Structures are given as structure tokens and as C-alpha cells.
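Q: I'd like to ask you about the structure that follows.
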Amino acid sequence: MGKGFFTDLAPVRYEGPESLNPLAYRHYNPDEMVLGRRLEDHLRFAVCYWHNLVWTGSDPFGGYTFERPWFGDTMDHAKRKADVAFEMFELLGVPFFTFHDFDVRPEGATLAESISRLEEIADYFAAKMEKTGVKLLWGTANLFSHRRFMAGAATNPDPDVFAYAAGLVKACMDVTHRLGGENYVLWGGREGYETLLNTDMGRELDQLGRFLSLVVDYKHRIGFKGAILVEPKPQEPTKHQYDFDVATVYGFLKRYGLENEVKVNIEQGHAILAGHSFEHELALAAALGIFGSIDMNRNDQQSGWDTDQFPNNVPEVALAYYQIVKAGGFTSGGTNFDAKLRRQSLDPEDLLAAHVGAMDVCARGFKAAARMLEDKALSRPLGERYAGWESAEAKAMLSGERTLEEIAERVMREDIEPLPRSGRQEILENIVNRYV
Ligand code: XUL
Ligand code: CO
């Protein structure tokens, strides 16, 4: 049973697909073996701090709807919040959590005070992590909520803001490292611009490149073995964000020589905002060698903003996990639920049920993806589609052994006329439907 906020709620257990218990897992059995590994170790679920414990239910038209006993800006409130957080992690049985500094400690009057409060909460976390076995998937600094960051953090026209942000990030990296965090995330919500009338874009990109290089240097100096992850998003809160999508981030990393040092944390809703599908972003990151981790949620297809809903569409989730398992699965990354309740979902039970449903959806999607992979349901037809490239002549063209003239000359000599072949899209879609 829950001890505090979740009184009367029992730990969530796997009860199988026939269970009617709304607070039981029907598809997520952490110990189930899939592709030779426990499901828990494949999915690596994490609960985020900000949406569950910090967000008040406010929207642009109204204030808070949630009344939580830990809302307040004292260290006692922060500890109460941590108690509830770990109670929730334990009831759900999730292996990981994630947080911003801003989520876990009240803002201090100075940077030094904010950092010492963060350190104090980190000690509090360390004891709880030891006791519960819950681990840190990643930590991050909030460089977007406070008004000092309104014109950006690393990309601010004021070098003092750049310096302040560096101080915060250093402290967050220290704490993440100390707590055994497996990654460190940078999401640049304010790293972008509202209008070019007051923005020097080239200069701001160079500032961001320098900032990220400083982070990478520091990681190596302190011996942090986790991955540094940038989280792409095209807009919101800033009109134009520099980390628009995976392709943009890759170009940025290449330009600043960081493509072997930094990977991406890809969020479903951000992919939709960028005009892509989630699986597009995942497949591209894998192809470019920068896939790191995911923020799992669901964006509304009609509204043009970031709705951060819990995932509930198995076929969609299956296609996303298919790209992940195909690329070899998670290493340091995992499935972080960057998702929040709807603002009318007031009860403690809602917080648990949202995650239970989401974890079940992910488990079903993952298992479908694993079966498609095992059966070569998609990889065999894909292999056949590209089989022509196995010929010696095709390989010679790709490896650079042929000039443009030689290729042209061969087409003429052999009188080559390519034969169009079906892309078989509907047949492949029907195959996917057999699994989901
Ligand atoms: C915002 C978002 C962030 C990052 C962490 O859209 O996704 O919560 O995940 O800063
Ligand atoms: Co996110």
C-alpha cells in the first residue's frame, strides 16, 4: 500500500491480459524474456519529475487545478515532494527517473544557494535510490523557466547569462554524475529566436557550439561515462529553435566537431511538431549514428502545440520501437515518459493509471516490434528491394571505383533500361497489421 499521497493504492503488478484491474499491468511483465533479454531491461522506463510532481495543471487560460500538499518553495516542500516521487516510482516498479534542477529544489537567492539546495536534495535522493534501487536515467538543467533565460541561455546576447547557465549546467552534471545518472540531457527551449530584427543567428549558433563543447570537455574531465544528449524540438516556447529536428542537430554537431560526442534524445511530440513521424526521427538518428534515448509521449495531430499526452496507440508505438530494436536497442538510453495528465485528472490514482496504461502500450508495441524483427517480416522484403546493390558492378559504383563517365558508358554499352518494380506499400502495411 502507498504510505503517503498514494494511501490505499497497492503496488502495480503484472496480472496478464485478462485482468480487469485498472491498476495492474496486462502486457508489461518486467521479467518476460524478449529477444533474449528481460522486458524491463529493453524498455528501461523512466518517470519524469516535472509533469508528475511540479506541473500544477495550469494552461494559458487558467491557473492550477491540482492541489498537492508538496507545492511550495521551501526545502521541506522539496523533501516532501521527493518522498511522494519515490513512493510513486516504487508503486509503479519503474527502474528509472529523470529531473531538472528546477523541479527538485526551490530557486535560491544566488546561484550558489540554488546549487547548495540541489546538492542537499541530491543527498536526499541518494539515500532513497539506495533503498529502493530506482536509478537515474538522466539529469538536466532548466535553462528556460526563469526570466533571466527569456532571450536564451547559451545563445543569450548577454555573456553573463551564458556564464550563469554554465554554472547551472556544471552543477547539474556534477549531481547527475554523483547519482550514477546514465545520460545528461540538454533541451534548448529558449535557444532560438523570436525575430531576426534583434537576433544575430550566426553568432548565437557559435555560442551554442561553444557551450556544448564546454559540456563535453567537462564530461571527460570528471569521468562521466554517460551520454550527452541533445533533445530536438522545432518551436515552443521559442518561435524558431536551433535544435529543430534530428537532421538539424546532426548538421550542428558536424559543424562544431561534436558528432562523435553527442547523441539525441528524441521525443514523439517534438517529431510531430517538426512535421515528421516519430519513427522518421528514430530511423534518421540511427542511420547517422547519434541515437541515444527517447521521451515517450503523444502529440495531438490537430493542435499545433506540445500536448505531452501519454501514449495510447499501439501500432504507432510498435513502429517506433521497431526502429529502436532494429538499431540494436537502448544502450545508455531508455523510455522516459515526458507526458502529463490532462488537467481534470486530479486524483493520485490518475497519476498511476496514466503510467500503467502507457507502460502497457509500450510493452505491447515493443513485443510486436520484436516479433516483426524475429520473423524478418519487414527486413526480408527490404533486403529483397535493395538486392541489386549486392552485384559487383553496383558495389564498384558505391565504393568510388567508377567515374561518372564510366558509369554512363556502361549503361550505353549494355543497353540498360531499368525495370520499375512495385514498392508494395499496402502489402507491407498489411504485414504490420498482423503483428499489432
Ligand atoms: C520540453 C521537453 C523538456 C525536456 C527536458 O518540450 O521535452 O521537458 O524533455 O528539458
Ligand atoms: Co522532452
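The values are calculated or read from the model by the stated rules, or taken from the named source; none is laboratory data. The model shown is predicted, which means the values in this text are computed figures rather than measured ones. Reconstructed Cβ throughout: ideal geometry from the backbone, glycine too, with neighbour counts over all protein chains shown. Please note that ligands, DNA and RNA were not included when accessible areas were found on the heavy atoms of the full protein model with its side chains. Shrake-Rupley method; radii C 1.70, N 1.55, O 1.52, S 1.80 Å.
Q: Which of Gln302, Gln344, Gln207 ends up with the largest GNM mean-square fluctuation for the chain, with Cα atoms connected below 10 Å?
A: Sorting by GNM fluctuation, first place goes to Gln302.
Q: Moving to a separate point now. Using a Förster radius of 35 Å, what is the FRET efficiency between Lys131 and Asp375 based on their Cβ-Cβ separation? Nearest 0.05, please. Spell out each step's value before the answer.
A: Numbers: r = 42 Å, r/R0 = 1.21.
With R0 = 35 Å, the Cβ-Cβ based efficiency is 0.25.
Q: With labels modelled as points extended 7 Å from the Cα through the Cβ direction, what inter-label distance (nm, one decimal) is found for Met33 paired with Ser391?
A: Those two pseudo-labels are separated by 4.5 nm.
Q: I want to check the label-to-label distance for Leu214 and Ala109. Put each point 7 Å from Cα in the C-beta direction and report it in nm to one decimal.
A: Here the answer is 2.6 nm between the modelled labels.
Q: Using a cut-off of 14 Å between alpha-carbon atoms, which aspartates and glutamates can reach Lys376, once sequence neighbours fewer than 8 places away in the same chain are excluded?
A: Counting by Cα, and skipping residues close in sequence, Lys376 has these aspartates and glutamates nearby: Glu384.
Q: Would you please name the chymotrypsin sites (Phe, Trp or Tyr not before Pro) within region 35-66 that are DSSP coil residues with at most 15 other C-beta atoms within 10 Å of their C-beta?
A: Numbers: sites: Phe45, Tyr49, Trp50, Trp55, Phe61, Tyr64, Phe66; in loops: Trp55, Phe61, Tyr64, Phe66.
Those satisfying the criteria are Phe61, Tyr64.
Q: Then there's this: If a/c stays under 1.5 just call it rounded; otherwise compare a/b with b/c (prolate if a/b is bigger, oblate if not). Do that for region 392-435, with a ≥ b ≥ c from the square roots of the Cα gyration tensor eigenvalues.
A: Details: a/c = 5.42, a/b = 2.42, b/c = 2.24.
Because a/c hits 1.5 or more and a/b exceeds b/c, region 392-435 counts as prolate.
Q: How about region 202-234: which trypsin sites (Lys or Arg not before Pro) there are in a DSSP loop, with at most 15 other Cβ atoms within 10 Å of their Cβ?
A: Details: sites: Arg203, Arg210, Lys219, Arg221, Lys225; in loops: Lys225.
In loop regions of region 202-234 (DSSP not H, G, I, E or B), the sparsely surrounded trypsin sites (Lys or Arg not before Pro) are Lys225.
Q: Continuing with this model, one more query. Rounded, prolate or oblate: which fits region 37-189 when a ≥ b ≥ c are the square roots of the eigenvalues of the alpha-carbon gyration tensor, with rounded for a/c under 1.5 and prolate only if a/b beats b/c? Intermediate values should be presented prior to the final figure.
A: Working: a/c = 1.60, a/b = 1.32, b/c = 1.21.
Verdict is prolate for region 37-189.
Q: A follow-up question, please. Considering all projection directions equally, how large on average is the shadow of the alpha-carbon convex hull of the chain, in square nanometres?
A: Numbers: hull surface 99.8 nm².
Average projection, Cα convex hull of the chain: 25.0 nm².
Q: Given only helices, namely DSSP H runs of n ≥ 4 each adding -39500 (n - 2.57), what is the per-residue ellipticity at 222 nm of the chain, to the nearest 500 deg cm²/dmol?
A: Working: 15 runs with 193 residues, N = 436.
Rounded to the nearest 500, it is -14000 deg cm²/dmol.
Q: Assuming R0 = 35 Å, what is the FRET efficiency of Ser399 and Asp206, from their Cβ-Cβ distance, to the nearest 0.05?
A: On the way: r = 36 Å, r/R0 = 1.04.
For Ser399 and Asp206, the calculated efficiency is 0.45.
Q: Restricting to the chain, what percent of DSSP beta bridges are antiparallel, rounded to 5? Provide the component values of the computation, followed by the final result.
A: Values: 6 of 36 bridges.
So the antiparallel bridges amount to about 15 percent of the total.
Q: Give the aspartates and glutamates reachable from Lys340 as a straight Cα distance under 14 Å; neighbours fewer than 8 places away on the same chain don't count.
A: Asp59, Glu267, Asp295, Asp300, Asp306, Asp308, Glu349, Asp350
Q: Hey, how many Å between the Cα centroid of region 314-342 and the Cα centroid of region 366-406?
A: 25
Q: Which of Pro30, His146, Tyr64 sits farthest toward the positive end of the charge dipole of region 27-374, with +1 on the Cβ of Lys and Arg and -1 on the Cβ of Asp and Glu?
A: Among Pro30, His146, Tyr64, the one farthest towards the positive end of the dipole of region 27-374 is Pro30.
Q: Based on the alpha-carbon gyration tensor of region 299-406 and its eigenvalue square roots a ≥ b ≥ c, which shape applies: rounded if a/c is under 1.5, prolate if not and a/b is larger than b/c, or oblate?
A: Details: a/c = 3.57, a/b = 2.51, b/c = 1.42.
The shape class here is prolate.
Q: Quick one: how many Å² of Ile222 are accessible to a 1.4 Å probe, rounded to 10?
A: Using a 1.4 Å probe on the heavy atoms, I get roughly 50 Å².
Q: Something else: At 0.36 nm per residue, and after removing the present C-alpha to C-alpha distance, how many nm does the segment from Asp123 to Ala287 gain when stretched out fully?
A: On the way: separation 164, 0.36 × 164 = 59.04 nm, distance 3.95 nm.
Net length gain for the segment: 55.1 nm.
Q: In region 203-338, what is the count of Lys pairs whose alpha carbons are under 25 Å apart, counting only pairs at least 8 residues apart or on separate chains?
A: So the count of such lysine pairs works out to 14.
Q: Does anything in region 366-406 have its amide N under 18 Å from the 7 Å Cα→Cβ label point of Ile416, and if so which residues?
A: Only 385-406 pass the distance filter.
Q: Ignoring ligands and nucleic acids, what accessible area does Ser379 show with a 1.4 Å probe (Å², nearest 10)?
A: In the full protein context, Ser379 sits at about 50 Å².
Q: Using DSSP loop states and a limit of at most 12 other Cβ atoms within 10 Å to flag GluC sites (Glu not before Pro), what is the longest stretch of the chain containing no flagged site?
A: Numbers: sites that count: Glu18, Glu67, Glu401, Glu414.
No qualifying site falls inside 68-400, the longest such stretch.
Q: Also, quick follow-up: Calculate the spin-label point distance for Asp59 paired with Glu236, positioning each point 7 Å from the Cα along the beta-carbon direction, and give it in nanometres.
A: With each label placed 7 Å out from Cα toward Cβ, I get 1.2 nm.
Q: Another question about this same structure. Which whole-number value in Å² is the accessible area per residue of the chain, probe 1.4 Å? Could you put the intermediate results ahead of the total?
A: Working: 20780 Å² over 436 residues.
Per residue, the chain has an accessible area of 48 Å².
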